[in-house]
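A.B. asks: Here you go, one structure.
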Amino acid sequence: MSTPAPRTWIYFLPQESFNSLSAEDIGKATKINRYTVDSSNTLRGMDVTDFKPSAEIVRVCSNEPIGACSHALAGCTQHLHYTSEFQRDRLLSISAKEIPASEKPVTVLIPIRKSDAWWNLGHNRRFDYMNGSSTHRGHTKIGEEYASLIFRQLMHSRYMDAAKRPYDFLTYFEFRDAERDWFKSLLRSLRDETINSEWAMVEMEQEIWMRKVE
C-alpha cells in the first residue's frame, strides 16, 4: 500500500507580497518557484485575484502554514477524495510528474467554488457525480485520460481562512507547449455538463495562465 503524501501548504503571491514575508516564513518554505502571468480569464462568478499579464508570481510550498498573505491564492494538499483504492493507485502509477522550471512549462492555476447544492449532497452522492454513470463519464474518468500528459495538483481552500478565500479549491496544471491542445481538450470535456454533470454545480471559476521560469 502506498504511503500518503504529507500535507503541503501552497501559496501563489505577487513578487512584492513575497518580498514582505518575514525571514521566518521564508525559512519554512520547502520549495519556491517563480512565474510570469500570460493572461487571466473568469468563466463564472467573480474574479478572485487581479494577477495582471506580465506580473511576477511566486509559489511558496511549506509543510506548515506561513504568515498572513492578503494577496495570495492559497490551498493545502490532502489525500484524494472521491476515488477508490484502485483508482488512487492507478493514478499514482500513470500521472505525469512536475516539469523542471528549466523547460519553461506552461502552467494554469484555476480557483473554483462549488455551489451550496453540491456541499449539501451526501458524500456518496458527490462520489457518484465525480465517478460518472452509464450516461455520464464523470470528472474522474475524464481526468484519467489526460493524467499521463498533464501534471496536476489539487489544493483545498474551503476551510483555510474561509472569510478571505471565496473559492473551495485551487487546481494547478503544468504541461509543455506541445500539450496545449490536449489541455484545452481536457477543460472542454470537464466543462461539458452532458458528460460531466458535476460541473453544473461550479459557480465560480477563473483561469490564470502563466509560465514557470524559475
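A.B. asks: Out of curiosity, is Arg113 under 19 Å from the mean Cα position of the chain (by Cα) and part of a strand (DSSP E or B)?
C.D. replies: Numbers: under 19 Å from the mean Cα position of the chain (by Cα): yes; part of a strand (DSSP E or B): yes.
Yes; evaluated as a whole, the condition is true for this residue.
A.B. asks: Pick from region 107-131 the residues that are in contact with a helix residue (DSSP H, G or I) (Cβ under 6 Å, 6 or more places away or on another chain) and touching a residue at least 60 places away in the same chain (Cβ under 8 Å): which of them is nearest to Pro53 (Cα to Cα)?
C.D. replies: Here is the first cut: in region 107-131, the ones in contact with a helix residue (DSSP H, G or I) (Cβ under 6 Å, 6 or more places away or on another chain) are 114-115, 117-118, 129-131.
This time we only want the ones that are touching a residue at least 60 places away in the same chain (Cβ under 8 Å), so: 114-115, 117-118, 129-130.
Values: Lys114: 27, Ser115: 29, Ala117: 34, Trp118: 33, Tyr129: 35, Met130: 33 Å.
Step by step, filter region 107-131, then rank; the result is Lys114.
A.B. asks: In addition: So in region 105-125, with the set limited to residues that are charged (D, E, K, R) and surrounded by fewer than 18 Cβ atoms within 10 Å (Cβ to Cβ), which one is farthest from Pro6 (Cα to Cα)? Spell out the reasoning first.
C.D. replies: Pass one, region 105-125, residues charged (D, E, K, R): 113-114, 116, 125.
Of the ones still in play, those that are also surrounded by fewer than 18 Cβ atoms within 10 Å (Cβ to Cβ) are 116, 125.
Values: Asp116: 29, Arg125: 28 Å.
For region 105-125, the residue satisfying everything is Asp116.
A.B. asks: When you scan region 83-104, do you find a residue that is part of a strand (DSSP E or B), among the hydrophobic types (A, V, I, L, M, F, W, C), touching a residue at least 12 places away in the same chain (Cβ under 8 Å) and surrounded by 16 or more Cβ atoms within 10 Å (Cβ to Cβ), even just one?
C.D. replies: Looking only at region 83-104, we keep the residues that are part of a strand (DSSP E or B), and these are none.
No: zero hits.
A.B. asks: Does Ser20 fit the bill of being closer than 30 Å to Met130 by Cα and not charged (D, E, K, R)?
C.D. replies: Numbers: closer than 30 Å to Met130 by Cα: no; not charged (D, E, K, R): yes.
Judged against the criteria, Ser20 is not a match.
A.B. asks: Here's a follow-up. Determine whether Asp161 is within 18 Å of Ile10 (Cβ to Cβ), touching a residue at least 60 places away in the same chain (Cβ under 8 Å) and surrounded by fewer than 16 Cβ atoms within 10 Å (Cβ to Cβ).
C.D. replies: Numbers: within 18 Å of Ile10 (Cβ to Cβ): yes; touching a residue at least 60 places away in the same chain (Cβ under 8 Å): yes; surrounded by fewer than 16 Cβ atoms within 10 Å (Cβ to Cβ): yes.
When the stated conditions are applied, Asp161 passes them.
A.B. asks: Okay, next question. May I ask you to list the residues in region 56-82 that are buried (at least 17 other Cβ atoms within 10 Å of the Cβ), over 15 Å from Lys31 (Cα atoms) and of a type in the set (A, V, I, L, M)?
C.D. replies: Residues satisfying the conditions are Ala72, Leu73.
A.B. asks: Can you tell me which of Gly27, Gly75, Gly45 is at positive phi and of a type outside the set (S, T, N, Q)? Walk me through it before giving the result.
C.D. replies: Working: Gly27 fails: at positive phi; Gly75 fails: at positive phi.
On inspection, the qualifying residue turns out to be Gly45.
A.B. asks: Among the residues of region 52-67, is there at least one that is at pLDDT below 90 and among the small types (Gly, Ala, Ser)?
C.D. replies: Within region 52-67 (the criterion being at pLDDT below 90 and among the small types (Gly, Ala, Ser)), the answer is yes, since at least one residue qualifies.
A.B. asks: A follow-up question, please. Does any residue of region 17-26 turn out to be free of Cβ contacts under 8 Å to residues at least 40 places away in the same chain, part of a loop (DSSP other than H, G, I, E, B) and farther than 30 Å from Glu85 by Cβ?
C.D. replies: Among the residues of region 17-26, at least one is free of Cβ contacts under 8 Å to residues at least 40 places away in the same chain, part of a loop (DSSP other than H, G, I, E, B) and farther than 30 Å from Glu85 by Cβ, which makes the answer yes.
A.B. asks: Considering Glu198, Glu179, which residue is buried (at least 19 other Cβ atoms within 10 Å of the Cβ) and closer than 13 Å to Ile142 by Cα?
C.D. replies: Details: Glu179 fails: closer than 13 Å to Ile142 by Cα.
Glu198 is the lone residue from the list that is buried (at least 19 other Cβ atoms within 10 Å of the Cβ) and closer than 13 Å to Ile142 by Cα.
A.B. asks: Take the residues of region 159-203 that are assigned to a helix (DSSP H, G or I) and of a type in the set (Lys, Arg): which is nearest to Lys104 (Cα to Cα)?
C.D. replies: Residues of region 159-203 assigned to a helix (DSSP H, G or I): 162-164, 177-191, 197-201.
Filter once more, keeping what is of a type in the set (Lys, Arg): 164, 180, 184, 188, 191.
Numbers: Lys164: 31, Arg180: 13, Lys184: 19, Arg188: 24, Arg191: 27 Å.
Per the stated criteria, the residue is Arg180.
A.B. asks: Being in a strand (DSSP E or B) and either under 16 Å from the mean Cα position of the chain (by Cα) or of a type outside the set (Phe, Trp, Tyr) (or both) narrows it down to one residue among Val58, Val48; which is it?
C.D. replies: Numbers: Val48 fails: in a strand (DSSP E or B).
None of the others qualify; the one that does is Val58.
The values are calculated or read from the model by the stated rules, or taken from the named source; none is laboratory data. Keep in mind it's a predicted model, so treat the numbers as computed, not measured. Ideal geometry is used to build each Cβ from the backbone, glycine not excepted, and the neighbour counts take in all protein chains shown.
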